[in-house]
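What follows is one structure encoded as structure tokens, with my remarks underneath.
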Amino acid sequence: MRVTRSTENKLREYLRIQHDTTLPRFDVMAALFREGGPLKMSELSKMLLVSNGNASTIVNRLEKDGLVTRTPMPTDRRVVMVDLTELGRTQFETQAKCHEAMINDIFSGLGHEDLDLIRDLLRRAEAAQRVE
């Protein structure tokens, strides 16, 4: 937990200072970027493991800044689709490159085998929790 908190704190500070953004905003944009197209708000919040209200608050701010669009589904206006704008995609790509460099720097003292082992152990721990 200490490593996780320390890493998150470094990333939060870096994103705040270098990109004038927050880690939750980055996470929302990353999920939308990975999807490559619009996502339902409910799918987005499920992917991020946050409530619909929490995701909506972040999306509201991103929409206000012109980084995402929100569109009601024509067949069910209660369902809202969210997607990155071109500006959002461009900003995210820049942020993602810098984010990757920061992660590489944070873990530069570990070799590929060490990082693979950590990843594999965390995946096994996650899978074991799903079984319980």
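FYI, it's all coordinate maths here, none of it is from the lab. Since this is a predicted model, take the numbers as computed values, not measurements. Glycine also receives a Cβ, built like all others from the backbone with ideal geometry; neighbour counts cover every protein chain displayed.
Scanning for something without any contact (Cβ under 8 Å) to a residue 24 or more places away in the chain, surrounded by fewer than 13 Cβ atoms within 10 Å (Cβ to Cβ) and outside any helix (DSSP H, G or I), does the stretch 122-131 turn up at least one residue? The answer is no; no qualifying residue exists. Taken over the stretch 1-46, the residue count meeting the criterion of being touching a strand residue (DSSP E or B) at 6+ places or on another chain (Cβ under 8 Å) and either surrounded by 12 or more Cβ atoms within 10 Å (Cβ to Cβ) or acidic (Asp, Glu) (or both) is 10. Contact map, the stretch 11-40: residues that are within 18 Å of Ile58 (Cα to Cα) and in contact (Cβ under 8 Å) with a residue 60 or more places away in the chain paired with residues that are among the hydroxyl-bearing types (Ser, Thr, Tyr) and buried (at least 19 other Cβ atoms within 10 Å of the Cβ), Cβ distance under 9 Å, separation 6+ or inter-chain. Pairs shown: Leu15/Thr21; Met29/Thr21. Listed by first and then second residue, the pairs linking a residue in the stretch 79-104 that is over 15 Å from Leu11 (Cα atoms) and in contact (Cβ under 8 Å) with a residue 12 or more places away in the chain to a residue that is among the hydrophobic types (A, V, I, L, M, F, W, C) and in a strand (DSSP E or B), with Cβ atoms under 6 Å apart and 6 or more places separating them unless they lie on different chains, are Val82/Leu39; Val82/Val68; Leu84/Val68; Gly88/Val68. Only residues that are farther than 17 Å from Gln91 by Cβ and not in a helix (DSSP H, G or I) were counted in the stretch 21-45, giving 4. Looking at Leu49, is it exposed (fewer than 12 other Cβ atoms within 10 Å of the Cβ), under 27 Å from Ile17 (Cα atoms) and either of a type in the set (S, T, N, Q) or under 14 Å from the mean Cα position of the chain (by Cα) (or both)? Answer is yes for this residue. The single condition among (1) in contact (Cβ under 8 Å) with a residue 40 or more places away in the chain; (2) surrounded by 14 or more Cβ atoms within 10 Å (Cβ to Cβ) that Thr69 does not meet is (1).
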